[in-house]
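The values are calculated or read from the model by the stated rules, or taken from the named source; none is laboratory data. Just so you know, these numbers come straight off a predicted model, no measurement behind them. FYI the Cβ positions are ideal-geometry reconstructions off the backbone, even for glycines, and counts take in every protein chain you see. Side chains included, ligands, DNA and RNA excluded: accessible areas come from the protein's heavy atoms. Shrake-Rupley method; radii C 1.70, N 1.55, O 1.52, S 1.80 Å.
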Amino acid sequence: MSTLVICTVLDPEDLRGAELSLACALSDELRYSSRIGGDILVAQTGAGATPAYVALGKLAGFSSDRTGATTAIITNLAPIPAPIPLRQGPAGPTAMFEIADETYQKILAQIAYPMDVEEGAAAYDMTLVDSQFLRQLRREQEDICSFSGVRSGNLEAVIIRPLEQGGTWHISSFILLDEAAGAEFRKFNWSIGPQFQLLINAHAVGRDGMETASPTGMLVMPPRMIERLDRAALDWHRAQFFDRLR
């Protein structure tokens, strides 16, 4: 999987608002029209500026005017507090290119690691990264809760091991859960076994919680996402679950 990047000469201060049109090539539209609705990074590459990633957003579509000029429409723009140097650029006369998912995750991890800044400081914005993790998980799982196996419109990206308990701020540390399942997970009323089976404290979650659980008794995630999960975080959460059963 990869993430799109679009280059612009605009100043980061101009990359704000609900919607913005950035110049691109017709070849970009033809190549990336299937990626409409996905995440996109904005990189500043103007003369005199150090090339850097400066904002996050969503690719909403493309547009062409009477002169034939093509633009990419970017929505949900969120400026990156501290621009991140661009290590890779487009090949050829294009404004758009792709970066590997691993690179994208490294960029997200640098945007706002909440243990490195004080709450209230200018660079503190957990929702900036939180929303990107949630978007990615929803896209990968097609809005299906990992506990119930049911599609939901009320989903959260829930961290397995909180940062203050030694967790890491990476996509591998999060699972996609409905709000109710997420609340029970945070209270250690259910957890995930070594073979990714659901471990449930029936007394704590009650009949409704038991009936909500996936009938397979297993965590509902695509195989490649299960392989990605932080095993140390899962072991920690499972230990907390069993401690509360004693």
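Surface exposure of region 135-246, expressed per residue as accessible area with a 1.4 Å probe, stands at 50 Å². How far is the Cα center of region 175-219 from the Cα center of region 45-89, in Å? Going from one Cα centre to the other spans 41 Å. Derived value for region 186-246: Kirkwood hydrodynamic radius 12.2 Å. Basis is the mean of 1/r over every pair of different alpha-carbon atoms. Taking H237, H203, H170 and ordering them by how much accessible surface each has at a 1.4 Å probe, largest first, produces H203, H170, H237.
Taking only the C-alpha atoms of region 144-246, Rg followed by Dmax gives 12.5, 35 Å. For the pair S214 and A239, label points projected 7 Å from Cα toward Cβ lie 2.5 nm apart. Modelled this way, with points 7 Å down the Cα-to-C-beta line, the labels at A100 and R66 are 4.7 nm from one another.
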